[in-house]
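Trainee: The structure under discussion is supplied below as structure tokens; questions concerning it will follow.
Derivation of every value follows stated rules applied to the coordinates shown; laboratory data play no part. Just so you know, these numbers come straight off a predicted model, no measurement behind them. For neighbour counting, all protein chains shown are included, and Cβ atoms are generated from backbone atoms with ideal geometry for every residue, glycine included.
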Amino acid sequence: MSGEPVFGDTSGFLALLDTDDAFHSAALAEWKSMAANGCILWTSDYVRLECCSLIQRRLGAAALRDFHDAILVLARVIIVGEEGFERAFEKWRLVQSRQLSLVDITSFDCMRQKGITQAFTFDSHFAQQGFITCLSEEG
């Protein structure tokens, strides 16, 4: 597990920062485990922006600074770009699901492009796409 890549998703980051989140304890334990195992954290520019928006609105400016200064600095950021957006939109067009966001679809695409199989997330859509998640540990 040492040095393995892990994709950071919005739900994982929010659970880590929000002590009132139902998954906060699990997120904190997973975060510590990832650090102890030297995992390489990846995320996308779409997740980064979604997190910034949600953290500022839900948790405030101090939490957003903490996210930027303590978490984002550890992540390698994948730039989705125009081609990635178009690929994701075409996939979304096929499923046209209200439950599956373009951010999720771009995340799956980024993970596949980089060969990342694990995600720091509590979003069940990742497991449905075949990725290992924090929820995978709970069965």
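Trainee: Gap in Å between the Cα centre of the range 92-115 and the Cα centre of the range 22-59?
Mentor: 18 Å
Trainee: State, as an integer percentage, the relative contact order of the range 5-133 based on alpha-carbon contacts under 8 Å between residues 6 or more apart.
Mentor: On the way: 148 pairs, mean separation 43.4, N = 129.
The normalised contact order for the range 5-133 reaches 34 percent.
Trainee: In deg cm²/dmol and to the nearest 500, what is the mean residue ellipticity at 222 nm of the chain if only DSSP H runs of at least 4 residues count, each as -39500 (n - 2.57), divided by the residue total?
Mentor: On the way: 7 runs with 75 residues, N = 139.
After summing the helix terms and dividing by the residues of the chain, the value is -16000 deg cm²/dmol.
Trainee: For the chain, what is the charge dipole size about the Cα centre, in debye to the nearest 20, if Lys and Arg each add +1 at the Cβ and Asp and Glu each add -1 at the Cβ?
Mentor: Roughly 160 debye, rounded to the nearest 20.
Trainee: Next up: Per residue, what volume in Å³ does the Cα convex hull of the chain take up?
Mentor: On the way: hull volume 15.4 nm³, N = 139.
For the chain, the hull spanned by Cα atoms encloses 111 Å³ per residue.
Trainee: Can you give the Rg/Rh ratio of the range 45-123, where Rg is from the C-alpha atoms and Rh is the Kirkwood radius?
Mentor: Numbers: Rg = 13.7 Å, Rh = 13.8 Å.
Radius of gyration over Kirkwood radius for the range 45-123 works out to 1.00.
Trainee: Something else about it: Calculate, in whole percent, how much of the Cα-Cα pair population of the range 32-74 lies beyond 13 Å. Write down the numbers at each step before the final one.
Mentor: Details: 523 of 903 pairs.
Above the 13 Å cut-off, the range 32-74 has 58 percent of its Cα pairs.
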